[in-house]
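In what follows, a structure is listed as C-alpha cells, so that the remarks can point back to it.
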Amino acid sequence: QQDDNVWYDSSNIPSYATAKRINQILDYNWVLRSSYLVIFMQAGFSFLEAGMVRGKNTKNILFKNLITTALGAIFFFGLGYSFAFDQGKNYSNSFVACCSFFTLREEDYYSWVSKWAFSSIACTIINGSVSERTKMIAYLILNSIVPSIVYPLVAHWVWNQTGWLYQLGVIDYGGAMVVHILGGSIGLVGTIILGPRLGKFDLETGRPLVLAEHNIVLSSIGGMILWFTFYGLHPMLFGIDINKGVIASRGAISTTLSGSISMVTSVIVTLITSKKYDLKIVINGLLSGFVAASSCAGFIEPFYSIIIGVGSAIVYLSFSKMLLRYQVDDPCQSASVHLANGIWGSICASLFSNRDLVDSVYQNRTNYLSVIQGGFKLLFIQLIGIGATIIWCVILKRYQLLRIDSDVELTGMDIRHHGGAIGPYHRPS
Amino acid sequence: MEYLELNATSDSFVAAVDDMWVLNATYLVFYTQAGFCMLEAGVVRAKNAKSIIIKSIIDTAIGSLIFWAIGFAISFGANGNFFMGLSQFFLIGYTNLTFFAYQWAFSATSITIVSGSLAERVHINSCLIYTVVMSAIIYPFAAHWVWAQSGWLRKIGTNGIIDFSGGIVVHMVGGAVGLVGTYIVGPRIGRFDSESGKPKPLPGHSITLSTLGAFIIWYGSYGFNTGSTLGISGGRIEVASRSAVTMTITATASCATTLLAIKVYSGKYDVAKSVNGLLGGLVASSASCSMIEPWGAFVIGCVAAFVYLGSSHLLLKKRIDDPLDNGPIHYSCGVWGALAVGLFATEKDVNKILILRNPTHTYGLFTGGGIEQLGVQLLGVAVVTLWCVVTATILFYLMRKFNVLRIDPTRELMGIDMDAGGPAYPNFQNI
Amino acid sequence: MEYLELNATSDSFVAAVDDMWVLNATYLVFYTQAGFCMLEAGVVRAKNAKSIIIKSIIDTAIGSLIFWAIGFAISFGANGNFFMGLSQFFLIGYTNLTFFAYQWAFSATSITIVSGSLAERVHINSCLIYTVVMSAIIYPFAAHWVWAQSGWLRKIGTNGIIDFSGGIVVHMVGGAVGLVGTYIVGPRIGRFDSESGKPKPLPGHSITLSTLGAFIIWYGSYGFNTGSTLGISGGRIEVASRSAVTMTITATASCATTLLAIKVYSGKYDVAKSVNGLLGGLVASSASCSMIEPWGAFVIGCVAAFVYLGSSHLLLKKRIDDPLDNGPIHYSCGVWGALAVGLFATEKDVNKILILRNPTHTYGLFTGGGIEQLGVQLLGVAVVTLWCVVTATILFYLMRKFNVLRIDPTRELMGIDMDAGGPAYPNFQNI
C-alpha cells in the first residue's frame, strides 16, 4: 500500500474531464500561476525603489511597499472588487458595479487574486514617485483609497464587459491603462503637489542636482526580478487555450524584444549625450520597454515591438528630461517609465494591433482596424481611454498630501520613524 | 530538446496536468530556500552573515540528501504501520517522483527554520549534526503521523487531524526544534543587559535583504499552500484558488495588524516586525487555508499578529533570545493555525478536502461543526510538540555535552565568519 | 478571464497545455539572468559592481535581439543541412513561437556566462562585440549540430549525441568561450604575486548577493532542465519529474561534497566555493537529468564536485584568472555531464526520450549499454570544444589586436564603475 496520497484518492474523484471542464481548470491554473508572478513583482519594485532612494530613507520605502500590499489586499477585498467586478444580481452599469462588499463568490476567487495583484502594482508605482518626503499617514490614506475606489473604477471601465471603455473597444493587453497610466499619473500629480525633495534643485539657478541613489545594485536586482515577473503580468488576463497560448507566446516575445530594444536605445542615446553608461537609465529603459509592450504585446507581430521599444526609450528619456526642466522631482522616475510609456504603449496598440488576434480574445464587441491595417477609429478610442483614466486620477488626487518636516527629511525617515538606519554597520558617507 | 514525440491519451493527460501543477509548486517551495537564506542573512549582524549563509546551504544540501535517502521512506514509504513507513529507502522501487519532489521541498523548508533560531552563536559544525537528525528522524516521523494515510493522528476521531499544507508538520516542527535549541544554547552575548536583564537590540545588518527574503517567501508560499491540492483536476483547482485567496488575506491582515499594533504601542513603524507579522500570517494560514471562508481568514490573520507579538514578548521576558523570532512565527503561529482548522473550517470545504470518507459533520467550532475537530487538532498539536521537544532536547543536550554546540565567547564577539574564510563584505568597513 | 466563451476541442487543450508548460519554463530560464547578474555582481569588488551589472544586462538584451534576428535561423531554421539552418531569419515565416522563446532564453544564458569570465578588467564596450559574435555565430552553430534534427552530431552512431537540456550547447559553449577570453585577456592586476606567482585572494564585495544569485539560478534551473521535455503530454511529465528529482540530487550532492572536501582539506567552510559546487552540480545534471536513476545522479554530483575543484586548482596553477570560476563550473562540469550520459543513462529512459527511433540498445556504460554512446558523447564534446576554442581565439585575439579588450591599468585599479557614472554605493565608504 502506497502512502502518498495526502488528501485525495483519485479513484473517488468524480470524472468530469469534459473539454469545457478541462479548459476551465487550465484557465484557473494559468491565471493563478501568473498572479503569483505578479505578486512577486512587489519584491521587484521594492528593491528597484529601495535602491534608488537615499540610504537614509530605505527602510521607509520598503515599509511603504509592504504595507501597500497588505492594506491593498484588505481594501480591495472589502470594497474594490465589488466596485469593479461585481457579478452577482446586484447593480452594475457601465460606470460602476455594486454592492456585494466583503463577500466573494467562490468562482470569483481566482479572478480576485489576479485583480488584486494588478492593483497592488498600481499602488507601488505611486510610492516610487512620492518617496522620501511624504508623511506616513498620507500614505495610509492614499493606499486605502486607491485600491478601494480609484483602481476598481478604471478596471471596471476597461476590463469588465459592461464597462463603457470596454464597450467602446479599448484594448489593454496587460494593464497599460489600468495599472501603468493609473499609477503613473497619480504618482505624477502627487509629486507635483509635494514639490521636489530638499536640495534636488539649486535654489538660485533651478538646475537639478544629483541626489545619488544609495544602492544601484539593489535596484538592479529589482529590475531583473521585474523582467521575470512581467511575463506573469502580460499574458494573464486572457487565460489559456490553444489560441490564447499562441497569443501568450507572442506576448512573451514582443515583451522581451520591446524591453531589450528600449534598453539598448536608452544606453546608446545616453552614451552619445553624456559618454557614460548609466545603470539607472539602463534599468529604467528596460522597464519602459516592458511597460509600453503591456498594451498590446500579444496582438502585434514581433517586428513592431522594435518600433515600440525604440519609441519607449525616447519617450522615457525625453519625458524625464522635461520633468527636470519644470522642476518636478520624481525620485524613481516612475512617471516617465509608467505614465509616459503607458500612454505611448496604448497609442501603439491602435497603430500595430492585428485585428484577428484581438478578435480572438475579446468577445462580444466590435473591434476596429489598427492604423497599419488602415483604420483610425481605434486610435481615437485608445486616446479616449487614456484621457479618461488620467482625468479620473487627477480629479481624485486633489486632496492635500501631507509632507514631512524638513528636519526629518534631512536626517532621513529611517532614524526618525523606523527606529534606526538600515544597517548599523554601513557608515553613511 | 525536441526528443520526445506526442503520444497522448486523455486519461494520462489529466494526470499530467495534475503533476505539472505539483511540479511547479515544488519549484516555488524550493525557491523559499532563497527567501529564508536572505531573511536570515539580513537579520544577523554583518560579522555573521557568511556563516548563516553557509548554514543555510548546508541545511538545504545535506538535508535534501538525507531526506532522499532515509526521511522519505519513514514518512511515506510503502508498507507503513501507524508509527512509520518501512521501505523504499533511497527511493528504490518508488515511482511517483512528483509527489516525492514536493514532499522533499517541504522537508527542506522545515529544516531551514531551525538554523535561524541558532543564528550568531553556534559552530557551523553543529549544523551538520542537527540537519541530519532533523531530516532523518524528527521531521519524517511527524510527517508520517500527520500526513500518511496510515499515520495514527490521521485516524483519530471522525476526520483525523487536518493539516492541509504543513502548518503542523513543517512550521510547528521547525519552530519547536529551533526554540528548544535556542533555549539550550542561551542568548547571544549582549542581548540582555547583564545587570537589569533588559533586552538590548542587536539590529540586523540589512533590512533590505530581509525584506527581500520575506517577499520571496511570500511568493514561494503560493506554491507551498496551493500546491498541496496535489493536482487541479476533480474540483481541486477551486480548492487551490480558495487557498490562494485566504492565504493572502490572512498574511496581509496579520501584517497590517502587527504594524498598527506597534504603531499604537510605540509610535514607530517597525519594518522588521511587520515583515515578521507577514510571515506569521503565512504560517497561520497553512494548516487551514483550503477550508475557511475569507472572513475566517481575516480573523485568523488578525489574531495571528497578536499571537506573534505576544509570544515574542514572552520570550524576551523569559530571556530567551531567538534572533529571527522563528519560535513566535513558526511555532506559535503554526499552533494557532492548526487550532484555527478546528474553529473556522466550513462543512462544505472539509467535505471537499476529505473526499475519501463519508460526508462528515465534524468541522469548525465557530462554523457550527462541534468541538470534536478542535479537540483532535489540540491533541495533534500536543503530540507533535511533545515529540519535537523530547527529541530536540536530547539532541541539543548531547551536543552541548560534547561541546560542539556553542562557539567560544571571543569568537562570538569577533564574528563566526572568521571560521568561514573572512568577512562577508571585505570592501566595506564594519562599525 | 471574463472575456471568452469556452469552446475548445480536446486536441487543442493538449497543445495549449504543452505550450503553457514550456512558456512557464521559459520565464524561469529568463529569470536565471537575474541569478547570473547577482552572482557576478557579488563576486566582483565593489568598485566594479555597476559595470558588471551593465554588462550582464546588455548581454541579455543585445544577445536576445541578435539571436532573434540571426541565431535562431542558423540553429533551427527550416531547410537546414547538416551544418546550419538556412532560412527564417527574423522569425519570418516561423510559427512555433513557444519553442523559439524557450531556445531564446537558452541562448541568453550561454552568453551571460562569458561576461563573468571577463569580469573586472575589460571595457564595457567589448561586451557589445563578443555578445554579437557569440549569439550570431558561436552558439547557433553548436546548437544546430547538437540539437537540430538535421545536425550532424545528431546523426552519428545509433542514437546520435544526447544533450537533454544544454549541458553541451549552453554550458560548455559559454564556459569554453569565457575560458579562452580570460586566457587572452590575462589575469587581473594583483591576482598573482608578481614575484612568486602565487595566487592572492581578491574577495568579492558581497557574498549575500552571490548566494542570492546562486539560489535564483537553482530555481531557474527547474525551468532549464525540466522544460526541455517541451510539453507534459504523452508521458513527458514523468520525464520532467525525473529531471527535477535527479537535478536536485546532483546539485545538492555536488554542493555537499565540495563543502566537505574543502572543510577536510583546509579546515574552513568556504561559502563561495560551496555555492560554485552547487552550480557545478546543476551544470553537470543538465545533459543527463532525464535519463538517469537517483543513485546515478548522486554519483554524478559527487564527481562533479571534484571535477570543479580540480579544474579550478589547475587554472590557478597555470596562472589563469577566472574571477567567477566559470570555466571550471560551466565548461568542466558541462563536459563531465555530457560524458555522464554515456555512463549512467538507463535503457528505459533513453528509449523514453528517443521515442522517435526504434528501441535502442545503446546507452550508459555502467548501466550495461556498451561503450558506443560514451564514444559519441566524447566526440561531440571534442568537436564543440574545438569549435568554441577556434572561433573564440580568433575573436578575442582580434579584439586585443584592435585594443578594444582590456581596460588600461589605472582605470582597472580605480574600478570600471568610473565609466558607468560613479561608484555603485555612493553612500558607503569603500576600503
Original post:
Is region A:133-154 home to any residue that is in a loop (DSSP other than H, G, I, E, B), in contact with a His (Cβ under 9 Å, 6 or more places away or on another chain) and either more than 14 Å from chain B (Cβ to nearest Cβ) or surrounded by 24 or more Cβ atoms within 10 Å (Cβ to Cβ) (or both)?
Top reply: no
**OP:** Being assigned to a helix (DSSP H, G or I) and either surrounded by fewer than 22 Cβ atoms within 10 Å (Cβ to Cβ) or out of contact with any helix residue (DSSP H, G or I) (no Cβ under 9 Å at 6 or more places or on another chain) (or both) is the filter here, so list the residues in region B:312-336 that pass it.
**Re:** B:Ser312, B:His313, B:Leu314, B:Leu315, B:Leu316, B:Lys317
Original post:
Do we have C:Ala49 as modelled with pLDDT of 85 or more, assigned to a helix (DSSP H, G or I), crowded, with 21+ Cβ neighbours inside 10 Å and in contact with a Ser or Thr (Cβ under 6 Å, 6 or more places away or on another chain) here?
Top reply: no
**OP:** Would you mention how many residues in region B:132-160 are closer than 28 Å to B:Lys55 by Cα, within 14 Å of another protein chain (Cβ to nearest Cβ) and among the hydroxyl-bearing types (Ser, Thr, Tyr)?
**Re:** 1
**OP:** Just name the residue that is surrounded by the most Cβ atoms within 10 Å (Cβ to Cβ) out of those in region B:9-46 that are in contact (Cβ under 8 Å) with a residue 24 or more places away in the chain and among the acidic types (Asp, Glu).
**Re:** B:Glu40
Original post:
When you look at C:Gly178, is it under 24 Å from C:Arg121 (Cβ atoms), crowded, with 24+ Cβ neighbours inside 10 Å and not hydrophobic (A, V, I, L, M, F, W, C), yes or no?
Top reply: yes
Original post:
Considering region C:361-406 alone, what residues qualify as being surrounded by fewer than 22 Cβ atoms within 10 Å (Cβ to Cβ) and part of a loop (DSSP other than H, G, I, E, B)?
Top reply: C:His361, C:Thr362, C:Leu365, C:Phe366, C:Thr367, C:Gly368, C:Gly370, C:Ile371, C:Phe402, C:Asn403, C:Val404
Original post:
What residue, of C:Gly296, C:Gly280, is part of a helix (DSSP H, G or I) and under 21 Å from B:Ile53 (Cβ atoms)?
Top reply: C:Gly280
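Have a look at A:Leu71, A:Leu32 and point out the one that is closer than 21 Å to A:Ile145 by Cα and facing chain B (nearest Cβ under 7 Å).
Testing whether each residue is closer than 21 Å to A:Ile145 by Cα and facing chain B (nearest Cβ under 7 Å) leaves just A:Leu71.
In this structure, does B:Asn351 turn out to be in a loop (DSSP other than H, G, I, E, B), away from chain C (no Cβ under 14 Å) and over 22 Å from B:Tyr331 (Cα atoms)?
Against the criterion (in a loop (DSSP other than H, G, I, E, B), away from chain C (no Cβ under 14 Å) and over 22 Å from B:Tyr331 (Cα atoms)), B:Asn351 does not qualify.
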Subject >> Identity of the residue in region C:105-128, out of contact with any Ser or Thr (no Cβ under 7 Å at 6 or more places or on another chain) and within 14 Å of chain A (Cβ to nearest Cβ), that ends up modelled with the highest pLDDT >> reply: C:Phe106
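Within region A:246-261, track down each residue that is more than 10 Å from A:Gly298 (Cβ to Cβ) and at the interface with chain C (Cβ under 9 Å from one of its Cβ atoms).
Passing the criteria: A:Thr256, A:Leu257, A:Gly259, A:Ser260, A:Ile261.
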**OP:** Return a yes/no flag: does region C:337-344 have any residue that is assigned to a loop (DSSP other than H, G, I, E, B), closer than 20 Å to C:Asn225 by Cα and either among the acidic types (Asp, Glu) or at pLDDT below 95 (or both).
**Re:** no
Subject >> Unmet requirement for A:Pro331, which otherwise passes all of (1) more than 11 Å from chain C (Cβ to nearest Cβ); (2) touching a residue at least 24 places away in the same chain (Cβ under 8 Å); (3) in a helix (DSSP H, G or I) >> reply: (3)
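Condition check ((1) within 13 Å of chain C (Cβ to nearest Cβ); (2) over 20 Å from C:Trp295 (Cβ atoms); (3) not hydroxyl-bearing (Ser, Thr, Tyr)) across all residues:
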site: B:Ile66; (1), (2), (3): yes, no, yes
site: B:Ile70; (1), (2), (3): no, no, yes
site: B:Phe76; (1), (2), (3): no, no, yes
site: B:Tyr94; (1), (2), (3): yes, no, no
Original post:
Residue check, A:Arg54 against (1) within 12 Å of chain B (Cβ to nearest Cβ); (2) out of contact with any Ser or Thr (no Cβ under 9 Å at 6 or more places or on another chain); (3) of a type in the set (D, E, K, R), all met but one. Which one?
Top reply: (1)
Original post:
Which of the following residues is under 17 Å from the mean Cα position of the chain (by Cα), of a type outside the set (Asp, Glu), in a helix (DSSP H, G or I) and closer than 23 Å to A:Thr58 by Cα: A:Ile186, A:Ile221, A:Ile193?
Top reply: A:Ile186
Subject >> Residue under evaluation C:Ile249, criteria (1) aliphatic (A, V, I, L, M); (2) more than 9 Å from every other protein chain (Cβ to nearest Cβ); (3) touching a Pro at 6+ places or on another chain (Cβ under 9 Å), criterion not met >> reply: (2)
Subject >> Of all residues making up region B:182-217, the number that are more than 9 Å from chain A (Cβ to nearest Cβ) and free of Cβ contacts under 8 Å to residues at least 60 places away in the same chain >> reply: 7
Original post:
If only one of A:Leu351, A:Leu317 is away from chain C (no Cβ under 14 Å), more than 23 Å from A:Ala388 (Cβ to Cβ) and not polar (S, T, N, Q), which one is it?
Top reply: A:Leu317
Original post:
Of all residues in region A:228-245, which are more than 18 Å from the chain's Cα centre (by Cα) and either at the interface with chain C (Cβ under 7 Å from one of its Cβ atoms) or of a type in the set (Gly, Ala, Ser) (or both)?
Top reply: A:Gly239, A:Ile240, A:Asp241, A:Ile242, A:Gly245
**OP:** Have a look at A:Thr134, A:Thr69, A:Thr103, A:Thr124 and point out the one that is over 19 Å from the mean Cα position of the chain (by Cα), polar (S, T, N, Q) and within 23 Å of A:Leu188 (Cβ to Cβ).
**Re:** A:Thr134
Original post:
Which is farther than 28 Å from B:Asn427 by Cα, of a type outside the set (A, V, I, L, M, F, W, C) and within 7 Å of chain B (Cβ to nearest Cβ), of C:Gly234, C:Gly220?
Top reply: C:Gly234
Original post:
Any chance region C:270-278 includes a residue that's among the charged types (D, E, K, R), surrounded by fewer than 24 Cβ atoms within 10 Å (Cβ to Cβ) and more than 21 Å from C:Val185 (Cβ to Cβ)?
Top reply: yes
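The values are calculated or read from the model by the stated rules, or taken from the named source; none is laboratory data. None of the values given here were measured: they were computed from a predicted structure. Every residue, glycine as well, gets a Cβ built from its backbone with ideal geometry; the counts of neighbours run over all protein chains shown.
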